[in-house]
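Coordinate-derived values only; no laboratory data. Quantities reported herein were computed from a predicted structural model and do not represent experimental measurements. So basically every Cβ, Gly included, is an ideal-geometry build from the backbone, and we count neighbours across all protein chains shown.
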Amino acid sequence: MRRPAFVILLAALAFGVPQSAAAEKHAAQTPVEHLVVLMQENHTFDNYFGLYPGADGIPAGVCMPVDPTKGEKPCVTPFHIGTRDVEPTDPDHSQSTFERQYRGGRLDGFVHALNLRNQDGRIAMGYYDERDLQFYWNLARQYVLYDRFFSSAQGGSTVNHVFWVAGKAPPTGDRVSRTGLEVETIFDRLQQAGVSWKFYVQNYDPTLTYRTISAAPPNRASQVTWVPLLGIDRFLDDPRLNGHIVDLGEYYKDLENGTLPAVAYIAPSGPSEHPPSSIQSGQTFVRTLVNSLMQSTSWSSSAFLVAYDDWGGWYDHVKPPQVDKWGYGFRVPAFVVSPYARHGVVDHTVLDFTSILRFVEDNWRIRPLAQRDANANSIASAFDFTAPPRDAVMIPARSPAASKDATSSPRTGPIYVTYAVGLACLVALLGWAAIDRTRRRRAGAAGR
Amino acid sequence: MPSKVDDLSSVEQTDWTGHVSWRDRAASAVILRHEVVTTATLAGVATLAAVLRLWRLDAVGYNSDEVVYAGQAAAITGVDDLAPYFPVFRAHPLLFQAVLSLFYRFDTADVVGRAVSAGFGVATVLLVFLLGRSLYDRRVGLVAALLMAVMPYHVVVSRQVLLDGPTTFFSTLTIYLLGRFGMSQRPVWLYAAGGAMGLTLLSKETSVLLIGSAYAFLALTGDLRLRLRDGIASLGIAVGMFAIYPLTPVLAGAPKTGNAYLVWQLFRRPNHGWSFYFTEVPVAIGIGVVAVALLGVWVLRSRRTWRETLLYSTIVVPIVFFELWPVKGFQYLLPIAPPLAVLAARTIVQAPAVRGWGTKTAVVLTTLVAVPTALASWDAIQPPQGSTFLAGTGGVPGGREAGRWIARNTPGGSQMITIGPSMANIVEYYGLRQANGLAVSPNPLHRNPAYDPVPNPDLEVRSNNVQYLVWDAYSAGRSPFFERKLLSYVDRYNGRAVHTETTSVRTSDGQLATEPVIVVYQVHP
């Protein structure tokens, strides 16, 4: 099995590319010297930010037909999850469901497609709002929320994760290959360029790869999907590459030690927000990652991007542009936190996961991996490098209205007035006493 | 008992033509000389008082109580950074804080707050002179002022941003005005005393027992002509002025704030044993001062007048009350210091005369009492060494430095947990980060309503709502249980010491050693 990238890499190492020259050539072109990307799971933009002010959210009056082949009625209106008798579930998000929901661009099959999967299709029209996503909404208020960030492919996790690292779809489509994945990734390019990188994996089990996935417990098999490098032989066999795939605990150590790599990808485990798991635990997870970055010396030269790998079967009202046979898929939530991120901006730039690659390639002078990332817009539209970096300010977990600090301050004028009146009373009484004393003395002197 | 000079000074010596005779000129010269000597001596005493109250005033940062009052004053001034942590209406009336806030308009440095407090302290020393002179003579006034100037109890407290310094100033003024009433029998002095009492209450509401002292004085003094209506009018003035306390929050648009504090203060659990005041306060006042004052009670018992009744009342009532009141604080008995100083001075000045020992004995006695007391004060105002701390006795070593490190090196919006609420206050004041004490009870009946408990600290850290834990040796000494609890979270949540403040401590063999007093841990789930 030939592995061109691996061979090139070995050749580069063997012939000894001058380190300093490479480092200079591939130094960061912007103040962002560290890019951290976290890929969460399975939500659409409308599902998370459909009611966010200023964003392209759920249109007024929308009502999704239960069966679009039989007309517009009956239909299901968007609803806040938990307010109807709809059981939270994991909406189906296979490629066939995508096609039924997409319906040739009519976007009217969201309920029906799930009903055909024996699910309660109404769940597709459920949404979360600030009551549920206080931290994320607070983040959006302070940093940049993208409302035109599409999943790269009209499929599920596997294909989108491969787009995330390679800028192209795997030959096997939306399923993990049992024979390994042959694709060049951004990490190969970074390795060749001498740019530091790491793939942090929460609850990382190094023995769990595409080779062992059939024996893995179902709740752990997602590690191979969410970390596509574990499906590529050279990243399993070459210690110089494999050593970059580490447990998430190293993220905190790297922050403490000031050794955060230039490019860091993070794959979650439990708190991935994959429905129907807790979105609160996901927010806590993201808050911990972001807070730790803010607490570190790396903050002033970093950007932290959170995205969601696919739409998860949820409703989204924006028709995705068709850029090739794979995508785009529906919009997903995405936001970036950085001292260089613009303040409280909703960015309307059309992006997908390869836009992350495009930024990496632009910032560290790396050749594009594929047509998709070469043509993609960069996530850099979120940044304003002309302004000085913003100080780290932790984003509250609760919305401003619910926080203690929102209490109004009392007026201080009455404090001065009332206490001044008290002091004036004493002065007046002392004056009265002094006058009385003087009068008595004079009266005494006159009496003598 | 007025002296000869005071007698001379109180009468205009003229003949029938209005011309001043040669004898009167001589008397006037004596009076002038005494006035010059008195003024010069008093200026020296005031200077000494100022030196002891200002020397290295800023060497150590605020303690917990100080940051609360300074924080309130800053909030009144409109310092936005502190307002979220220190609401204006939190506990106690706001007379001192309002005065302080006027100075904070120029600068909110620690030294400004303490200098204002020290100013009240020096003014109290001058008032003690007036009190001693009006009740007895200028010599008693001068000696009393000297004892007050060097008294560690008053020196230490008036170097801090505490309410007790201003309270003692106004209570001394009240006693002085009651004395003027005793001498003149004119009700206007009683009204003025009511006004001063009102301001005493507006300094700190616990001084309400000054009303009890005044009542005891008037009730036990048979030779004063007191009309009931004058007494009621004086009390009405005091109560009317005190009404400013509950009225102000209503006018300021915060009617429900601060009300629960007094209730909690009345019914909170005892924090010290019954012997606390007997072991702490006499030493702080100066054993010599206390001994001489008590000696005078016996030696001069035959000379007892309403003057002594006034002084006894203002000493005994607070002692009895605070001894019976379960909640005890080091500085609560400070208002007894001025009358005690006057009593001690009276003994020093009058007892030798009664015994026929002469003026030199008084000078020697003054020296014997004042010098050790002054040395004790000098010792007390040196920056503390050690990792233990008694509330009200001074600043907290390392607290300001740790707080400022937090402000500089932790992201805005970081949240912290400390062992107790005292360090939480300091972290909030200097660090501008929200901090809560583990030791704050989740039961509202068992906690200061100004504090927020952390009902589930484990969850708070696990949820990353809290990112830092702050250990301090002072709280650890008082609450070993909560210290262990805090350190268990440090272990459990990847705690890493990111900052340590140290202080010098004297070891058992007399050597100076460095010991950590505050450690800031960064934690994450």
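Summary table below
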item	result
Longest to shortest principal axis, alpha-carbon extents of the stretch B:142-193, angstrom	37, 25, 9
Percent of alpha-carbon pairs separated by more than 17 Å within the stretch A:231-312	56 percent
Free-standing Cys residues across chain A, given no other cysteine C-beta under 4.7 angstrom	A:425
Counted charge near residue A:356, where neighbours are those whose Cβ lies closer than 13 Å (Asp, Glu -1; Lys, Arg +1)	-3
Angle in degrees between helix B:421-431 and the longest Cα principal axis of chain B, rounded to the nearest 10	80 degrees
Calculated Rg and Dmax of the stretch A:267-348 using C-alpha coordinates, Å	15.2, 43
Net charge of Cβ neighbours under 14 Å - reference residue B:463; Lys, Arg +1; Asp, Glu -1	+2
Number of Lys pairs (Cα under 29 Å; 8 or more positions apart or on different chains) in chain B	5
Interatomic Cα distance distribution for chain A, bins of 10 angstrom, percent	4, 19, 28, 21, 10, 4, 3, 3, 3, 2, 1, 1, 0
Charge tally in the Cβ shell below 13 Å around residue A:46, where Lys, Arg are +1 and Asp, Glu are -1, residue A:46 excluded	-1
Amide hydrogen neighbours beyond the local backbone of residue B:439, cut-off 5 Å, H modeled	B:420
The stretch A:154-309 pair-distance distribution - Cα-Cα, 10 Å bins, rounded %	10, 39, 38, 12, 0
For the stretch A:46-116, projected area of the alpha-carbon convex hull averaged over all directions, nm²	5.5 nm²
Once the Cα gyration tensor of the stretch B:399-522 is diagonalised, semi-axes √(5λ) in Å	23, 17, 14
Förster radius 30 Å - calculated FRET efficiency between residue A:322 and residue A:63 (Cβ-Cβ, nearest 0.05)	0.70
Inter-label distance for residue A:349 and residue B:485, nm, one decimal - labels placed 7 Å from Cα along Cα-to-Cβ	4.9 nm
Gyration tensor over alpha-carbon atoms, the stretch B:58-194, equivalent ellipsoid semi-axes in Å	32, 18, 10
Nearest-ten-degree value, helix A:353-364 long axis tilted from longest Cα axis of chain A	80 degrees
Cα long-axis angle, helix A:279-295 against chain A (0 to 90 degrees, to the nearest 10)	70 degrees
Kirkwood-based shape ratio for the stretch B:298-437, expressed as Rg/Rh from alpha carbons	1.19
Approximate shape of chain B as ellipsoid semi-axes (Cα gyration tensor, √5λ), whole Å, largest first	47, 25, 20
Taking only Cα atoms of the stretch A:77-174, radius of gyration then Dmax in Å	15.7, 42
FRET efficiency for residue B:443 and residue A:398, using Cβ-Cβ distance with R0 set to 30 Å, rounded to 0.05	0.80
Reachable aspartates and glutamates from residue A:319, criterion Cα separation under 18 angstrom, eight or more residues apart if same chain	A:46, A:56, A:99, A:108, A:147, A:309, A:310, A:347, A:352
Over the stretch B:458-525: Rg over Rh, Cα atoms, Kirkwood Rh	1.07
In Å, descending, principal axis extents of the Cα set of the stretch A:239-285	37, 23, 16
Chain B, relative contact order [Cα under 8 Å, separation at least 6], %	16 percent
Farthest positive-ward along chain B dipole, Cα basis, beta-carbon charges - from B:218, B:166, B:456	B:218
Cα gyration tensor, the protein assembly as shown - rounded (a/c under 1.5), prolate or oblate	prolate
As computed over the stretch A:313-448, the Cα convex hull volume per residue (Å³)	208 Å³
Student exercise, the protein assembly as shown dipole from Lys, Arg, Asp, Glu Cβ charges, in Debye to nearest 20	4160 debye
